[in-house]
Amino acid sequence: MVDKDLLSMQEARSLVRAAKKAQADFAQYDQEHVDAIVKAIAEEAVAHAECLAELAVEETGFGKVQDKKVKNILASEKLIEATKDMKTIGVLHEDKAHKVVEIAVPMGVIAGIIPSTNPTSTTIYKSIISLKSGNAIVFTPHPSAKKCIGKTVEMIRGVLKKCGVCEDMVSVMSVPTIQGSGELMKVADLILATGGPGMVKAAYSSGTPALGVGAGNVPAYIERSADIEDAITKIMASKTFDNGTVCASEQSIITDACIADKVKATLMAQGGYFLEGEKLDKVKAVMERGNGSMNPDIVGRSAEYIAKLAGIEVPHGTRLLVSTEKGVGPKYPFSKEKLTQLLAFYVVEGWHEACELCHALLENGGVGHSLSIHSHNEDVIREFGMKKPVSRMLVNTPSTHGAVGLSTSLFPSLTLGCGAVGGSATSDNVTPLNLMNVRRIAYDLGTTTCQKAPEKTEGTNLDVQAITAMIVEQLKQMA
């Protein structure tokens, strides 16, 4: 008989010990060597992007193979392109004029928490940014995605071996338990947490420095000046991407009453199906568990799958199930985050009301994350940007693609910080720079005004009165 929780805790300790030893050797590599290693990993990840995507869909049942392939490529090829000139090893900057030298200092061993919604891509991404900044990483996988995460780590370790690097720089727990994950978070040097609110809260409560991300309940406001056809096309592309598993996907459409009919008609023409009556009630019945949390059976599923699960019929080709909502909160399940092909629809009189509604939706489980707006009114866009409690505001772009850096110039990332307002230590799209400290060497500028004590006169004692006068003068200057 073996206690699984104890076995998991011991495995976490052993993996971290091995990682610390490997990282001490890795810390001797220069920037060129490190860049060659992460580039080799990225190239291997691209070569295996589709098969890893297939493994993820097969094991979890979430999302679409082709979209998960895109995420794997984002986490490798696009990430390497964004970081190729980024200094992360050794001397970062030397300011000769101000006599300050900045040196990169790796954190050590990262504890990587991986969700089931984006398992392979997040593993690739976190491995590359950890190694790029000189760190080792030990993963604790979501139990429902253990196999595909394990295969991804196996691929990365194979590249490390070919490069002559100790494979313990990247490892994964084979016996993931809550107790084991907790132990990993305690003994690591930094936690990089992507997952549900409970796991992220545990990361911040562990006593170890942590970077965690919160939930995304992204509102998409279609303002009256928007190109409606373009807005709906982009929202559809975003919300259906990998069946809505990206936390930056749109969860609600808010639109002005004067264009609401056209917005609704365009949404229906592109595959949106508005639920009413008994059909709406049946879908709501499968959306949540008894405690009000998201039902995992609908996560990352197609609209037609959810309809079948709810026991209703929808037109063939339905891409999203939509509910016209009147309120926000626990009694309105469509007002919450829905990592699947479900969408809320709200109508407001104008942008002031939209502003308040978006704020309420964000406070209902998405504060600090992201907001999407489709508008050509720069004054309205700026008002939203100044007032909304989000870390990213995405303008006239698919929210999913924009937030992770596919359709915008934001850093390509699968860990999106939510800032202090969202309970996160950063508002960044997390990069290698978030996984290192900076040591600063500061030289004297030669401008100090300290006075020397009077020199001792030969053959006499030190002049006590002169010393007293000097001290009094210095005290006056300090005052």
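Can we say GLY212 is touching a strand residue (DSSP E or B) at 6+ places or on another chain (Cβ under 9 Å) and within 21 Å of LYS4 (Cβ to Cβ)?
No: the conditions fail for GLY212.
Can you say whether ALA237 is part of a helix (DSSP H, G or I), surrounded by fewer than 20 Cβ atoms within 10 Å (Cβ to Cβ) and of a type in the set (Gly, Ala, Ser), as far as the supplied structure shows?
Yes: the conditions hold for ALA237.
Report whether or not LYS186 is assigned by TED's automatic domain parsing to the domain that holds VAL16 and farther than 28 Å from LYS39 by Cβ.
Judged against the criteria, LYS186 is a match.
Among the numbered conditions (1) modelled with pLDDT of 95 or more; (2) within 23 Å of the chain's Cα centre (by Cα); (3) surrounded by fewer than 24 Cβ atoms within 10 Å (Cβ to Cβ), tell me where THR177 comes up short.
So THR177 meets the others, but not (1).
Listed here are the residues, each with its yes/no results for (1) surrounded by 17 or more Cβ atoms within 10 Å (Cβ to Cβ); (2) farther than 19 Å from GLY417 by Cα.
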{"residue": "GLU363", "(1), (2)": "no, no"}
{"residue": "GLY368", "(1), (2)": "yes, no"}
{"residue": "LEU371", "(1), (2)": "yes, no"}
{"residue": "ASP379", "(1), (2)": "no, yes"}
{"residue": "ARG382", "(1), (2)": "no, yes"}
{"residue": "MET386", "(1), (2)": "no, no"}
{"residue": "ARG392", "(1), (2)": "yes, no"}
{"residue": "VAL395", "(1), (2)": "no, no"}
{"residue": "PRO398", "(1), (2)": "yes, no"}
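Here are SER116, SER127, SER144, SER171: which of them is among the hydroxyl-bearing types (Ser, Thr, Tyr), in contact with a His (Cβ under 8 Å, 6 or more places away or on another chain), within 27 Å of GLY63 (Cβ to Cβ) and assigned by TED's automatic domain parsing to the domain that holds ILE191?
After ruling out the rest, the residue left standing is SER116.
Failed condition for THR208, given (1) polar (S, T, N, Q); (2) farther than 28 Å from LEU357 by Cβ; (3) surrounded by 18 or more Cβ atoms within 10 Å (Cβ to Cβ), with all others met?
If we test THR208 against (1) polar (S, T, N, Q); (2) farther than 28 Å from LEU357 by Cβ; (3) surrounded by 18 or more Cβ atoms within 10 Å (Cβ to Cβ), just (3) comes out false.
Looking only at helices (runs of 4 or more DSSP H) that lie completely in region 250-365, which have at least 3 residues being under 21 Å from SER238 (Cα atoms) and within 30 Å of the chain's Cα centre (by Cα)?
Where helices (runs of 4 or more DSSP H) fall fully within region 250-365 and carry at least 3 residues being under 21 Å from SER238 (Cα atoms) and within 30 Å of the chain's Cα centre (by Cα), they are 303-310, 351-363.
Looking at (1) under 30 Å from ALA420 (Cα atoms); (2) among the small types (Gly, Ala, Ser); (3) modelled with pLDDT of 95 or more, find the lone condition where GLY164 falls short.
Result: GLY164 fails condition (1) only.
Is one or more of the residues making up region 401-413 β-branched (Val, Ile, Thr), in contact with a helix residue (DSSP H, G or I) (Cβ under 9 Å, 6 or more places away or on another chain) and over 27 Å from GLY112 (Cα atoms)?
No - not one qualifying residue is present in region 401-413.
Scan region 71-108 for residues that are of a type in the set (Val, Ile, Thr) and without any contact (Cβ under 8 Å) to a residue 24 or more places away in the chain and jot them down.
Correct list: VAL91 only.
Can you tell me which of VAL38, VAL57, VAL46 is assigned to a helix (DSSP H, G or I) and touching a Leu at 6+ places or on another chain (Cβ under 6 Å)?
That would be VAL38, the only listed residue that is assigned to a helix (DSSP H, G or I) and touching a Leu at 6+ places or on another chain (Cβ under 6 Å).
Of all residues in region 68-105 being basic (Lys, Arg) and over 22 Å from the mean Cα position of the chain (by Cα), which is surrounded by the most Cβ atoms within 10 Å (Cβ to Cβ)?
LYS99
Which condition breaks for PRO296 when tested against (1) surrounded by fewer than 24 Cβ atoms within 10 Å (Cβ to Cβ); (2) at pLDDT 95 or above?
(2)
Return yes or no: is ILE312 of a type in the set (A, V, I, L, M, F, W, C) and over 27 Å from GLY61 (Cα atoms)?
Here the answer is no, as ILE312 does not meet what is asked.
Taking the condition of being in contact with a strand residue (DSSP E or B) (Cβ under 9 Å, 6 or more places away or on another chain), of a type in the set (D, E, K, R) and surrounded by fewer than 24 Cβ atoms within 10 Å (Cβ to Cβ), how many residues in region 112-165 meet it?
3
In region 7-46, what count of residues is obtained for those that are closer than 11 Å to MET169 by Cβ and of a type in the set (D, E, K, R)?
The number of residues fulfilling the criteria is 3.
Each row is one residue, and each column tells you yes or no for (1) modelled with pLDDT under 95; (2) touching an Asp or Glu at 6+ places or on another chain (Cβ under 7 Å); (3) surrounded by fewer than 19 Cβ atoms within 10 Å (Cβ to Cβ).
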position	(1), (2), (3)
LYS20	no, no, yes
ALA24	no, no, yes
ALA27	no, no, yes
ALA42	no, yes, no
VAL46	no, yes, yes
VAL57	no, no, no
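So, restricting to strands (runs of 3 or more DSSP E) that lie completely within region 84-201, which ones have at least 1 residues that are of a type outside the set (A, V, I, L, M, F, W, C)?
91-95, 100-106, 109-113, 136-140, 170-172
Scan region 215-234 residue by residue and report those that are among the basic types (Lys, Arg) and buried (at least 24 other Cβ atoms within 10 Å of the Cβ).
LYS234
For the subset of region 266-280 comprising residues that are under 21 Å from GLU337 (Cβ atoms) and either free of Cβ contacts under 8 Å to residues at least 60 places away in the same chain or of a type in the set (A, V, I, L, M) (or both), which member is surrounded by the most Cβ atoms within 10 Å (Cβ to Cβ)?
Result: LEU267.
The values are calculated or read from the model by the stated rules, or taken from the named source; none is laboratory data. Quick caveat: nothing in here was measured; it's all calculated off a predicted structure. Methodologically, a virtual Cβ is constructed for each residue, glycine included, from the backbone with ideal geometry; neighbour enumeration extends over all protein chains shown.
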